[in-house]
Amino acid sequence: MMYHPTLDKLAELRLTGMRDALEDQQAMADIAELSFEERLGLLLDREATARAERRLKTRLRNARFREAATIEDLDYRTARGLDKALMNDLIAGGWIKKHLNLLITGPTGVGKTWIACALGNKACRDGYTVQYHRLSRLFEELGFAHGDGRYLKVMRKLARTDVLLVDDWGLAKLTAPQRRELLELLDDRHQRRSTVVTSQLPVDLWHKMIGEPTHADAILDRLVHNAYRITLKGESMRKLNAKRRRQPIE
């Protein structure tokens, strides 16, 4: 067998999973007991796994999560109004398939961003594309895109993203251009993709934050009425975690 030229050809074809698997097979003492079909099947399985891992790494990198959060690390012990049954529904991912939204509200520090990023991480692992943006930074990016001619390209990318995480919603009242851009984006995504919003403001105060009534009605109609809601309460998780770290070890 022309072993090394085969490895080189697999690398040239970017079949690195198959290349690594072939090297592993050559080191197996009992490899001759496997048929050609069995060995080929193992090579293909390894290549498929390697490609899936690369695609996941790309999705996670492109998401630009603020928190390195995973659903496996969700804290249900702390009393903050986190419903485990609802979380299990969200983790299952049916809301993304149905293009529903998720609104997470509560005081600062209770874990809104962390929960949003954990669900975004799970969505990436399930094969969905995800983007994380703080609302203020999103408007800044759109402003730069207007200036250098990328606006339509950026808006199309946002519109096509399966799950868009919008963090820190409502920290400042929206300007007229921001209202128009937000309505355009949500209209493109409505019933086609899922949007997650985190906010310190209760949902019933969002209309006032948006400002102009006609735009506020249109924005909230596309965002709120087809959304799951998580309303958190309680003390800041950062404070609680700091207290736990200071407790003496018995």
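Scanning the stretch 215-239 for residues that are assigned to a helix (DSSP H, G or I), at pLDDT 95 or above and either more than 17 Å from Leu182 (Cβ to Cβ) or of a type in the set (Val, Ile, Thr) (or both) yields one hit, Ile219.
Does any residue of the stretch 44-63 turn out to be under 30 Å from His133 (Cβ atoms), in a loop (DSSP other than H, G, I, E, B) and not hydrophobic (A, V, I, L, M, F, W, C)? No, there is no match, as no residue in the stretch 44-63 is under 30 Å from His133 (Cβ atoms), in a loop (DSSP other than H, G, I, E, B) and not hydrophobic (A, V, I, L, M, F, W, C). Checking every residue in the stretch 35-45 against the condition of being in contact with a Leu (Cβ under 8 Å, 6 or more places away or on another chain) and either of a type in the set (Asp, Glu) or more than 30 Å from Val166 (Cα to Cα) (or both) gives at least one match. For the stretch 130-137, the criterion of being hydroxyl-bearing (Ser, Thr, Tyr) and buried (at least 18 other Cβ atoms within 10 Å of the Cβ) is met by at least one residue.
The values are calculated or read from the model by the stated rules, or taken from the named source; none is laboratory data. Being a predicted model, the structure only gives us computed values, none of them experimental. No Cβ is skipped: glycine too gets one built from the backbone with ideal geometry, and neighbour counts run over all protein chains shown.
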